[in-house]
Every structure is written in structure tokens, then in C-alpha cells.
Amino acid sequence: MTKKWLQRSTVLFIAFLLSFTMNTSSMNVSAAGDFTQGVDVSGNNVTLWFKSKVDTTWVDVHYKVNSGVQQNLRMTYNAGAGRYEQFVDSAAGAVIEYFFTYNNGTPAYDTTTFTYRGAGQTDPTNPTDPTDPTGDSIYSIPASSIPNPKGGGVSLKVMNGTGGAYADDQIYWGVIGKNPANGQWSYLNLSGQLVPISTALNDAPGHITKNGANYANIYHKISDTPWVNLPKITAGRLFLSVGSPLYIKTFDDGFAGPDLNNPTDPNLDVYFDFAEFTVDDAGYHGNTTRVDQFGFPIQHRLVNKAGNYDRTVGEFEAETRSGLFAKYRNEVPAEFKSLGTLQAPYRIVSPMIGPFKPGGAYENYFAGYSNISTRDILLGIGGASDPQVCAALNRHVFTASDWNDVSQYYKAAPANYYAKFWHDHSIDGLAYGFAYDDVNGQAAYLEVGDPKGVIVRVGW
């Protein structure tokens, strides 16, 4: 599992994806690629934030709560998060209109105007406004509606965010992990029980078959249940797929998950993804991951019992699968482009599944920057087995004096631009793009001691 960071529920929007109106001040108009921005919600309060990608030393925020008097304030820089922030008290349920003024070197720029709408607030002029937490949005589920979990576990919901591309009975999910009560690898049934897996399970009644081979049927469909109780579990993995279940062999002592390096793996032509978690006496600890591949957009929301933790990570809801494929091809350097085509249309693969592995065209990609091999750097092994070293190398700050300055990450080659892409297109800029991407709090990781509910949204 991963390290912890994060404290609030995020409703985040990339600047160029929002519906907006232009601010007509005398300042220069900002460039969409200069920044990301958003609104974090914690209880009844919100934090407006601005994360610069350029040479910014100050940011002002201008906002109105429920069309009230405009506030014009200099924002505070949060070094740990690498962003500027402004706390707004008792505004979580309000409508906030806001824009930013920031510098890029000497010139100053105004952004467009953005609108945050609290739960239950809608835009009467645009009922399909993507900023409204309605419909198939992960934010549409009130925390109060989440069932109370049992036995020290957490209530789990998998929801359909495919916009009609797949019906609820075409989206599959299954959980495999270790039962801490007996140490056995198990799967989760709809009654919230962990059932031991085995070699015999592959041929048990109800098994699934592909290419003449039998596989354990550990899967459920979204249509089967709105919620299930997830008990304490170690090294848990939530497998998700659309159109077809996954084909995973189970054994008495474990399981064989999808192997994207195996040309005969039965899951190569299955659209799938997964999340990881552990539930124990200390609470819930989980993350989405892009370490191996991207199958489809995922959002992962965690809510606690006390009502003061409600946070979401993953790709932006506004991002579509086809859009991310196109953006990947357009945004990454030439060395990384083939990762978006090697196993298309099913997935974008990570560098070590592509031409960066030994024998590939870019097996020496990091040569000259470090005497550690490209393979070790990308996998976090050997000479790059130290998490801090691995992260610094992937982010191209290994020779810098400060490895924790987020604004300097991925500024020059060689760098892991596959990982950078997922940070650029994820809530709060958080993503798991390589093995130790949790260093300096950059992973899409959620953790709370009193979990109530976990919601995972399958996007398309």
C-alpha cells in the first residue's frame, strides 16, 4: 500500500473544461495551461485553491458567496500541497463565483470566472452543467445516505459513470484480498463475507470460461446491489471491467492477475481497471493507480463517520476515455507516444510494458542523467529501490537541491512523462504514475480512521 496525505473532499475542475464567463478587467487574459484550480470541501467549509504551472510568486482570489459582496484577497501558499489556498467559512452549501489574478514573472493575468455549487445547488440555465453534482456524478450521493458499515468495515459502492455506454448489468466488479482473521486469500461475496479462494474454485459451479480454460467467478455487477459491506481486508484489490468479467486464475495460496506483458493473457482484450486498499483497525487506506496501465477513468471517494472527511481522487469526471487517449497522444514526448497505441483500444500502458523495457528502443532513456538503469528507475528496484531516489529520478529533480518542490517536477527530460500526464489530468494533481509516486504526497491516496463509505465510479 501507500503513504498518507490528504484531508478534504475535492470537487476539482481543469480550467479549460469548465463552462465560464470572461472577466473583463484590464489585466491580461490567462492561458488555460498555466494552472489548475478547484474547491476542496471539508465539513461545512471550503478552500478555494490555485496550482500554478508557471513562474508564479503571488495569487489573488476574487469571490462572491451567494451573489454577495466581492472579496479580494491575497492567497496563502501551501508548500506541502504546492498550491495557493483561501479558506471560506460555512460555504460548502453555497454558490461561489470566483476568479484569480496571478503573475507569471512580471506580467499579471486574470483567469476566467468559475462557479462552485454546493450539494443541491443547480444552474437553472444549464441543467446538464458538469459542475453540478447530479446524475451519475460521484458527488451526487449524500454522505448521510451511505449505510453504516458493520464489524469495523466500510460500506462499498461501485457506480456507473459511463454516460449510457454500458448498462449497470454490463459493469463487473470483484474484490480479492487477504482475510486478516485467518490469513487466507479470499473474495468478497454480496453478503459482505470473505470467502476463501482455491484452485478448485476455477472449476466450481458458475465458473467462467475463455478459450477453453476455466476461471473462478468472483464477480458481481453494479445491478446486483447498491451497497455491500467491505470487512477488514489486507492487500485488497477491487477489479473493475466493462462488457466482460476479468479472467483470473485462483489458487490455494493466491491468484494470477492480468499480465500485460503476456501476449496470451486472456484479459488483453478486456477493458479493465482496479483500485487498491486495506481496511484494518486503523481505518481505510486506499488508492487508484496508473502504475501499470489506464483502462478507463476512475473516481474514488472516501467518507467518514464523523462527517469531517469527504474526499475524492482519480481522473476528473469531465474527462472522457476517448478524450484522454487523444490528449495522451498530443501531450507526451515522442518517446512515450507508443504507450497509447501498443494495446489500444483497451488501454494506455506504462513505460515498462512498452519500449522502455530491456531490449526496447528506449531501454537507456535515463542514461546520462544517472548511472542507475532505466529499468530500475521505472520499476523502483535495484539502484532506485530507495523511494526518495526513485521519485526524484522519475520527476527529473535528482540533481536539484530540493526534491520536494512540486513546481519543478517534470520540467525537463529525461523524466517519466507517462506519470506526468496522469498528474495533469487528475483531481488535485494527484496520481500513482510509478511505484513510489506517493513520495511527497503526490499519490491518489485516501485514508481515514473512521471510514463510513467508499464509492468508486467507473467512467467512460
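Would you call A108 surrounded by 16 or more Cβ atoms within 10 Å (Cβ to Cβ), modelled with pLDDT under 90 and not assigned by TED's automatic domain parsing to the domain that holds F274? Can you show your working first?
Details: surrounded by 16 or more Cβ atoms within 10 Å (Cβ to Cβ): yes; modelled with pLDDT under 90: no; not assigned by TED's automatic domain parsing to the domain that holds F274: yes.
It is false that A108 is surrounded by 16 or more Cβ atoms within 10 Å (Cβ to Cβ), modelled with pLDDT under 90 and not assigned by TED's automatic domain parsing to the domain that holds F274.
Looking at (1) of a type in the set (S, T, Y); (2) assigned to a loop (DSSP other than H, G, I, E, B); (3) in contact with a helix residue (DSSP H, G or I) (Cβ under 9 Å, 6 or more places away or on another chain), find the lone condition where Y346 falls short.
(3)
List the helices (runs of 4 or more DSSP H) inside segment 362-460, counting only whole elements, that have at least 1 residues being of a type in the set (S, T, Y).
Values: elements: 374-379, 387-394, 417-424.
Per the criteria, 374-379, 417-424.
Regarding segment 85-97, can at least one residue be identified that is assigned by TED's automatic domain parsing to the domain that holds T36, surrounded by 14 or more Cβ atoms within 10 Å (Cβ to Cβ), touching a residue at least 60 places away in the same chain (Cβ under 8 Å) and closer than 30 Å to W403 by Cβ?
Checked against the condition, which is being assigned by TED's automatic domain parsing to the domain that holds T36, surrounded by 14 or more Cβ atoms within 10 Å (Cβ to Cβ), touching a residue at least 60 places away in the same chain (Cβ under 8 Å) and closer than 30 Å to W403 by Cβ, segment 85-97 yields no hits at all.
Conditions: (1) under 13 Å from the mean Cα position of the chain (by Cα); (2) under 16 Å from G177 (Cα atoms). K249 meets all but one. Number of the miss?
Among (1) under 13 Å from the mean Cα position of the chain (by Cα); (2) under 16 Å from G177 (Cα atoms), K249 violates only (1).
If a residue counts only when it is basic (K, R) and over 19 Å from V270 (Cα atoms), which strands (runs of 3 or more DSSP E) contained entirely in segment 133-244 have at least 1 such residues?
On the way: elements: 154-161, 171-178, 185-188, 194-196, 208-210, 213-215, 228-230, 233-242.
Those strands (runs of 3 or more DSSP E) span 154-161, 171-178.
Could you grab me the full set of residues in segment 43-76 that are in contact (Cβ under 8 Å) with a residue 12 or more places away in the chain and either hydroxyl-bearing (S, T, Y) or within 14 Å of D428 (Cα to Cα) (or both)? Don't jump to the end; show me each part of the working.
To start, the set of residues in segment 43-76 that are in contact (Cβ under 8 Å) with a residue 12 or more places away in the chain comprises 43-67, 72-75.
Scanning segment 43-76 gives T47, L48, W49, F50, K51, S52, K53, T56, T57, Y63, S67.
For segment 141-166, which positions are on the phi < 0 side of the Ramachandran plot and loosely packed, with under 13 Cβ neighbours inside 10 Å?
Taking segment 141-166 as the starting set, the residues that turn out to be on the phi < 0 side of the Ramachandran plot are 141-150, 153-162, 165-166.
P142, S144, S145, N148, K150, listed by residue number.
Being within 26 Å of L260 (Cα to Cα) and of a type in the set (S, T, N, Q) is the filter here; which residues of segment 284-317 pass it?
N287, T288, T289, Q293, Q299
Only one of G360, G368 is at pLDDT 95 or above and small (G, A, S). Can you tell me which?
Working: G368 fails: at pLDDT 95 or above.
After applying the criteria, what remains is G360.
Residue by residue through segment 252-274, note down the ones that are surrounded by fewer than 20 Cβ atoms within 10 Å (Cβ to Cβ) and either polar (S, T, N, Q) or not assigned by TED's automatic domain parsing to the domain that holds P196 (or both).
N261, N262, T264
Quickly run through segment 309-343 and pick out the residues that are assigned to a loop (DSSP other than H, G, I, E, B) and in contact with a Ser or Thr (Cβ under 8 Å, 6 or more places away or on another chain).
From segment 309-343, those assigned to a loop (DSSP other than H, G, I, E, B) are 309, 316-320, 332-333, 341-343; that's our starting set.
Once the filter is applied, which keeps residues that are assigned to a loop (DSSP other than H, G, I, E, B) and in contact with a Ser or Thr (Cβ under 8 Å, 6 or more places away or on another chain), segment 309-343 yields Y309, F316, E317.
Condition (residue is crowded, with 22+ Cβ neighbours inside 10 Å, touching a residue at least 12 places away in the same chain (Cβ under 8 Å) and over 24 Å from the mean Cα position of the chain (by Cα)) applied to segment 170-181: is it met by at least one residue?
Checked segment 170-181: no residue is crowded, with 22+ Cβ neighbours inside 10 Å, touching a residue at least 12 places away in the same chain (Cβ under 8 Å) and over 24 Å from the mean Cα position of the chain (by Cα).
Specify the residue that is modelled with the lowest pLDDT; the eligible residues are those in segment 22-78 that are of a type in the set (G, A, S) and over 30 Å from A143 (Cβ atoms).
Filtering segment 22-78 down to residues of a type in the set (G, A, S) leaves 25-26, 30-33, 38, 42-43, 52, 67-68.
Going one step further and asking which of them are over 30 Å from A143 (Cβ atoms), we end up with 25-26, 30-33, 52.
On the way: S25: 36, S26: 40, S30: 60, A31: 62, A32: 52, G33: 69, S52: 92.
Only one residue fits best here, namely S25.
Against the definition (within 30 Å of I146 (Cα to Cα) and of a type in the set (K, R)), how does R311 come out, yes or no? Reasoning before the result, please.
Details: within 30 Å of I146 (Cα to Cα): yes; of a type in the set (K, R): yes.
Answer is yes for this residue.
I need a count of the residues in segment 163-181 that are modelled with pLDDT of 95 or more and either under 12 Å from D136 (Cβ atoms) or hydrophobic (A, V, I, L, M, F, W, C) (or both). It would help to see each step written out before you state the result.
Filtering segment 163-181 for residues modelled with pLDDT of 95 or more gives 165-181.
Next, only the ones that are either under 12 Å from D136 (Cβ atoms) or hydrophobic (A, V, I, L, M, F, W, C) (or both) stay: 165-168, 171, 173, 175-176, 181.
Residues in segment 163-181 being modelled with pLDDT of 95 or more and either under 12 Å from D136 (Cβ atoms) or hydrophobic (A, V, I, L, M, F, W, C) (or both): 9 in total.
Given (1) surrounded by fewer than 21 Cβ atoms within 10 Å (Cβ to Cβ); (2) in contact (Cβ under 8 Å) with a residue 24 or more places away in the chain; (3) farther than 30 Å from V389 by Cβ, where does D310 come up short, assuming only one miss?
(1)
I need the full set of residues from segment 186-201 which are of a type in the set (A, V, I, L, M, F, W, C) and loosely packed, with under 13 Cβ neighbours inside 10 Å, in order please. Please lay out each step first, then the result.
Step one: filter segment 186-201 for residues of a type in the set (A, V, I, L, M, F, W, C), giving 188, 190, 194-195, 197, 200-201.
Answer for segment 186-201, where residues must be of a type in the set (A, V, I, L, M, F, W, C) and loosely packed, with under 13 Cβ neighbours inside 10 Å: L190, A200.
So that you can scan it fast, the table gives a plain yes or no per residue for (1) closer than 19 Å to N160 by Cα; (2) of a type in the set (D, E); (3) out of contact with any Ser or Thr (no Cβ under 6 Å at 6 or more places or on another chain):
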site	(1), (2), (3)
K221	yes, no, yes
D224	yes, yes, yes
W227	yes, no, no
P231	no, no, yes
L240	yes, no, yes
T250	no, no, yes
L268	no, no, yes
V279	no, no, yes
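The values are calculated or read from the model by the stated rules, or taken from the named source; none is laboratory data. On a predicted model such as this, the values are computed, not experimentally measured, just so you know. For neighbour counting, all protein chains shown are included, and Cβ atoms are generated from backbone atoms with ideal geometry for every residue, glycine included.
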